Amino acid sequence: MNKYKFGYGYAFLEKKDIELFEKMALKGYMLVGANVFGFYKFIPSKPEEVSFSVDFTNINRKDDEFEYYIEIFKSSGWNYIFSANKIHFFKAPKGTTPIYTDKSSESVKYMNMVRTLILYTVISLIVFITFRIFTKITTIRVFKIVFSAITGIGLGLAIAMVICIIINFVHALKLKKRNF
């Protein structure tokens with residue numbers, strides 16, 4: 001039977017999500033996907049001691065160079081699991097050389113995450129502003145309630161993403177500083 005586990009929020013607590021994946025693999029549940037609500041999907045499998053890694057990149061699954069991108073990881077012992085937009089999940093046997101072996105390349109990963117989050121923040125703010133206007137101009141009570149709820153969700157998402165942007169930007173800067 002499939003299991004769904006709520007993640008800690010990859011953009012907030014990357015290491016906690018990785019620990020979750022590894023614990024589930026040891027229990028005999030392999031990570032196979034995620035949904036937009038923050039739930040990771042696991043399917044029954046044989047228990048494995050594996051490492052997981054996630055990469056943020058500007059390469060999307062639909063891009064021509066995606067297969068080449070996956071082959072680079074595969075040649076280093078990392079197997080592709082799935083993608084969620086431009087976030088790509090990999091697994092490898094314990095002891096495999098990590099995907100990021102230097103602070104400079106890891107810093108690039110976090111800056112890619114920041115760029116993606118900025119785009120999502122702008123979209124959330126557009127939703128917030130649009131539905132805030134609808135809330136003000138509508139006279140139908142039911143629509144006011146619905147538009148107010150959507151306005152709150154849009155603002156909440158924008159605030160959460162700004163926090164993620166700050167956290168990841170600071171993390172990227174710390175990695176760059178350690179590299180010098």
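The values are calculated or read from the model by the stated rules, or taken from the named source; none is laboratory data. Owing to the predicted nature of the structure, the values given are computational and were not obtained by experimental measurement. Note that each Cβ is placed from the backbone with ideal geometry, even for glycine, and that neighbours are counted across all protein chains shown. Keep in mind that these areas ignore ligands, DNA and RNA; they rest on the heavy atoms of the full protein, side chains included. Shrake-Rupley method; radii C 1.70, N 1.55, O 1.52, S 1.80 Å.
Multiplying the sequence separation of Tyr8 and Phe143 by 0.36 nm and subtracting their Cα-Cα distance, what value in nm do you get?
Between Tyr8 and Phe143, full extension yields 45.3 nm more.
So what is the relative contact order for region 1-44, in percent, with contacts set as C-alpha pairs under 8 Å and at least six apart? Don't jump to the answer; show the numbers that get you there.
Details: 59 pairs, mean separation 21.0, N = 44.
Once divided by the residue count of region 1-44, the mean separation gives 48 percent.
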Region 20-66 - Rg and Dmax from Cα coordinates, angstrom:
13.1, 36
So the pair-distance distribution of region 22-112, from every Cα-Cα distance in 5 Å bins, comes to percents of 3, 13, 21, 25, 21, 13, 4, 0
Ranking request for peptides 34-41, 88-95, 74-81: highest mean number of other beta-carbon atoms within 10 Å first, then the rest in descending order.
88-95, 74-81, 34-41
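Placing unit charges on C-beta atoms (Lys and Arg positive, Asp and Glu negative, everything else neutral), compute the dipole magnitude of the chain about its Cα centre in debye, rounded to 20.
On the way: 25 positive and 14 negative charges, 149 e Å.
Dipole size: approximately 720 debye.
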Relative contact order for the chain: what percent, with Cα pairs under 8 Å and sequence separation of 6 or more?
18 percent
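Using the alpha carbons of the chain, what is the convex hull volume per residue in cubic angstrom, as a whole number? Don't skip to the end; give the middle numbers.
Working: hull volume 24.6 nm³, N = 180.
Per-residue hull volume (Cα only) is 136 Å³.
Taking R0 as 22 Å, what's the FRET efficiency between Lys103 and Lys15 from their Cβ-Cβ distance, rounded to 0.05? Walk me through the numbers on the way to the answer.
Working: r = 16 Å, r/R0 = 0.72.
Plugging the Cβ-Cβ distance into 1/(1 + (r/R0)^6) gives 0.90.
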Divide by every residue of the chain the summed helix terms, -39500 (n - 2.57) for each DSSP H run of at least 4, and state the resulting mean residue ellipticity at 222 nm, rounded to the nearest 500 deg cm²/dmol.
-19000 deg cm²/dmol
Distance between the C-alpha centers of region 79-154 and region 1-77? Whole Å please.
17 Å
Which one, Val50, Thr151, Asn112, is farthest towards the positive end of the dipole of the chain when Lys and Arg carry +1 and Asp and Glu -1 on their Cβ?
Thr151
Report the Stokes-Einstein translational diffusion coefficient (µm² s⁻¹, integer) for region 89-180, Rh taken as the Kirkwood radius over Cα pairs, at 4 °C with viscosity 1.567 mPa s.
83 µm²/s
Which order do Phe169, Phe66 take by accessible area at a 1.4 Å probe, largest first?
Phe169, Phe66
